[in-house]
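**Student:** Take this structure, written in structure tokens, and hold onto it; I'll ask about it next.
Just so you know, all these numbers are worked out from the coordinates, no wet-lab data involved. Remember, it's a predicted structure, so these values are computed and weren't measured experimentally. No Cβ is skipped: glycine too gets one built from the backbone with ideal geometry, and neighbour counts run over all protein chains shown.
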Amino acid sequence: MRRLLAVLPPAATFLALWAAWSYATGPGGLPSYLLPPPGAVARALWSGLADGAFWPHIRFTLTATLSGYLLGSLAAVITGILVAESRLFERFVFPYIVAVQAMPKVALAPLILVWFGFGLASKVVLVGLICFFPLLVNTIGGIRRADPDLIAMARAFSRPGWWIFLHIKLPAAASAIFAGLEIGIVLALIGAVVGEFVASERGVGYLIGSATVNMNVAVMFAGVVVLAAFGVLGSSLIRALQRRVVFWEGARNDLPPAGRT
Amino acid sequence: MSVAPAVAPEPPVLALSDVRFAYRGSEPPILDALTLDVAEGAFVAILGPSGGGKSTLLKLLAGLERPQAGTMTLAGTPIRGPRREIGMVFQKPTLLPWRTVRDNVLLPAAFASRASDAERARADHLIETVGLARAAALYPGALSGGMAQRVGLARMLMHRPQLLLLDEPFSALDAMTRERLSLELQRIWMEERSTALFVTHSIPEALFLADRIVVLAGRPGRILADMEVPLARPRTLDSLGAPDFARLARQLRRLFDDSIAAGDPVR
């Protein structure tokens, strides 16, 4: 019952938006080549899913997003640990990390396509690169913000450095790492779609791009809806995982400030 | 404390001689030429205002900082770093929020999944001793401040340390909880019979708990007074009203006033 009540307000907003959209695209409203009526978008989405035309694209985008995301996130956490824990590594690498972080990674897309081809590999690389930095910055910050009093306590009880890292610094960084993972999943999707826009023969980004050429605006919208669904699903999964792993933070929402892209 | 003849000098379990400590680039030093002997099994309160070097002294003894000069020995062996024979309670509870009460008590040894049967039994006994048997499986987020400090007391005792270091452990608690925990600390200490160094800025707390009070003040911190507390044990909350208690408290307070008059930076 309570769940049902929680769903009601957003559902009302949805209906209101749908009505406003229908009205705007109704008789005497916007032409359908600019903004198709919501029913047309829903039909385009349904037929694309039902006749299987969307599925190869969805599979391609999902594969690129997930593999790039996993590789980029793994690399980010490992690099973050090295930077946070090793002064030497930090001195050699950190200035460049700051420099690359300030650069819009999307601008690298054409270069990456030249290097890695028009297939899946270039998208994986772009996705990995784009979700690497926010997670890296969050990992470093999270580890460094571990409570110094807890660390002093553990040292007083003769706990070795690796133990302090494993049982104090890493758990202390967990919520910052999850915040980075949540930003990362959305960015990963952006990376995949940008890669597909620039050059690809598959993917939801390609689908939207080719629909643009044909002025098939309903399919463009349908593609956007698919991407939005991926984004929402991805961040909800990460948040659910976070609640399980970082259980001691309770339902608090005060996540540490996230890194910039 | 014991029936041994008064002339038999027990070798001190803890000996500090000419200890000097300054944080990098800070003058004058926090501690200078500090010499202190503590007899085995004694409960010593280090009493003084904030900034007198009390907490620094405990950090040195815990092996978290190294003195620039002087020697510190525990049972004849120099203190060069953290030691298993030393247990500590901190001003803040410093519990791991992602571990249960039981695991936090086991922290000086190994967490429950890896601990030996003897270690687990010891932890469970200590949790019971501090009255938290029903909270053993809880996470620290569910504990009150007083309960959290009880976990800290149990954790300090995990390795049966020879030397207990208590750094104003009750200072963040309300007055009622403070009194109750002081009583419990006395009971636990009388059971465990370790040597204890208790840092506090509360005169009643020092008098209630200690056999001996060392007043540390000034910058660099020096020992203003070193007095015995000849009150019988176990002490009860009624002891706080005893005439001896009031006389000693007055004496200590006058000492602080004199030290302020002498221009010591006592806050």
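**Student:** Near A:Lys169, which lysines are there with a Cα under 21 Å away, not counting those fewer than 8 places off in the same chain?
**Tutor:** Candidates past the 8-residue exclusion: B:Lys92.
**Student:** Of all DSSP beta bridges in chain B, what percent run antiparallel (nearest 5)?
**Tutor:** Details: 19 of 38 bridges.
So the antiparallel bridges amount to about 50 percent of the total.
**Student:** Let me ask something additional. Treating the beta-carbon of each Lys and Arg as +1 and of each Asp and Glu as -1, no other charges, what is the dipole magnitude of region A:58-249 about its Cα centre, to the nearest 20 debye? Please report the intermediate quantities before stating the final value.
**Tutor:** On the way: 14 positive and 8 negative charges, 62 e Å.
Charge dipole of region A:58-249: 300 debye, to the nearest 20.
**Student:** Please state, as a whole number in µm²/s, the translational diffusion coefficient that the Stokes-Einstein equation yields for region B:110-267 at 37 °C and 0.692 mPa s, with Rh defined as the Kirkwood radius across alpha carbon pairs.
**Tutor:** Once the numbers are plugged in, D ends up at 188 µm²/s.
**Student:** Computed FRET efficiency, Cβ-Cβ of A:Ala11 and B:Met190, R0 51 Å: what is it to the nearest 0.05?
**Tutor:** 0.20
**Student:** Separate question: Kindly work out what percent of the DSSP beta bridges joining two residues of region B:156-267 are antiparallel, to the nearest 5. Could you put the intermediate results ahead of the total?
**Tutor:** Details: 6 of 11 bridges.
Of the beta bridges lying entirely in region B:156-267, close to 55 percent run antiparallel.
**Student:** Using all alpha carbons of region A:58-249, what is the percent of pairwise distances in each 10 Å bin, ordered from the shortest bin to the longest?
**Tutor:** 9, 31, 30, 18, 8, 3, 1
**Student:** Could you work out, residue by residue across B:152-162, how many beta carbons of other chains sit within 10 Å of that residue's beta carbon, and then give the average as an integer?
**Tutor:** Taking all residues of B:152-162 together, the mean is 1.
**Student:** Projecting each Cα onto the charge dipole of chain A (Lys/Arg +1, Asp/Glu -1 at the beta carbon, about the Cα centre), which of A:Ser47, A:Val106, A:Ser73 comes out farthest on the positive side?
**Tutor:** Value computed over the given set: A:Ser73.
**Student:** Between A:Ser235 and A:Met103, what FRET efficiency comes out of the Förster formula 1/(1 + (r/R0)^6) with R0 = 22 Å and r the beta carbon distance, rounded to 0.05?
**Tutor:** Using R0 = 22 Å, I get an efficiency of 0.35.
**Student:** Please report the relative contact order for region B:204-257, taking Cα pairs under 8 Å with a sequence separation of at least 6, and give it as a percent rounded to a whole number.
**Tutor:** Numbers: 45 pairs, mean separation 16.8, N = 54.
Normalised by residue count, the contact order of region B:204-257 is 31 percent.
**Student:** While we're on this one: Please compute, for peptide A:118-128, the average count of beta-carbon atoms on other protein chains lying within 10 Å of each residue's beta-carbon.
**Tutor:** 0
**Student:** I'd like to know how the protein assembly as shown sits against the 2.2 N^0.38 Å rule of thumb: what's its Cα Rg over that expected value?
**Tutor:** Numbers: Rg = 32.5 Å, N = 528, 2.2 N^0.38 = 23.8 Å.
Cα Rg divided by the expected 2.2 N^0.38 Å: 1.36.
**Student:** Can you tell me the dipole magnitude for the protein assembly as shown around its Cα centre, using point charges on the Cβ only (Lys, Arg +1; Asp, Glu -1), in Debye to the nearest 20?
**Tutor:** The calculated dipole for the protein assembly as shown is roughly 920 debye.
**Student:** Take peptide A:144-156, look around each residue's Cβ out to 10 angstrom, count Cβ atoms belonging to other protein chains, and average those counts.
**Tutor:** Taking all residues of A:144-156 together, the mean is 5.
**Student:** Among all helices in chain A defined by DSSP H, which have a length of 27 Å or more along the axis from Cα atoms plus a Kyte-Doolittle mean of at least 0.5? Numbers along the way, then the final one.
**Tutor:** Working: long enough: A:2-24 (34 Å, 0.95); A:55-85 (44 Å, 1.10); A:120-144 (36 Å, 1.72); A:170-198 (40 Å, 1.97); A:217-245 (42 Å, 1.58).
TM-like helix candidates: A:2-24, A:55-85, A:120-144, A:170-198, A:217-245.
**Student:** Then there's this: With an 8 Å cut-off on Cα pairs and a minimum separation of 6 or more residues, tell me the relative contact order of chain A in percent.
**Tutor:** Normalised by residue count, the contact order of chain A is 25 percent.
**Student:** Same structure, new question: Relative contact order for region A:147-242: what percent, with Cα pairs under 8 Å and sequence separation of 6 or more?
**Tutor:** Computed over region A:147-242, the figure is 26 percent.
**Student:** Could you state, as a whole-number percent, how many of the C-alpha pairs of region B:181-253 are farther apart than 18 Å?
**Tutor:** 38
**Student:** Hey, another quick one. Under 19 Å Cα to Cα from A:Lys105, which aspartates and glutamates show up? Leave out anything in the same chain fewer than 8 places away.
**Tutor:** Output for A:Lys105: A:Glu182, A:Glu196.
**Student:** Work through the residues other than A:Trp115 whose Cβ is under 15 Å from its Cβ and net out their charges, Lys, Arg +1 and Asp, Glu -1. Kindly include the intermediate steps, with their values, before the conclusion.
**Tutor:** Details: positive: A:Lys105, A:Lys123; negative: none.
Overall, the nearby charge balance is +2.
**Student:** A further question follows. Rounded to whole Å, give me the distance from the Cα center of region A:178-233 to that of region A:36-93.
**Tutor:** Using only Cα atoms to place each centre, the spacing works out to 10 Å.
**Student:** I'd like to know which of A:Val137, A:Val186, A:Trp115 lies farthest towards the positive end of the charge dipole of region A:58-249, counting +1 on Cβ of Lys and Arg and -1 on Cβ of Asp and Glu.
**Tutor:** About the Cα centre, the residue reaching furthest to the positive side is A:Val137.
**Student:** Based on Cβ point charges of +1 for Lys and Arg and -1 for Asp and Glu, what charge dipole magnitude is obtained for region B:95-160 about its Cα centre, in debye rounded to the nearest 20?
**Tutor:** Here the size comes out at about 80 debye.
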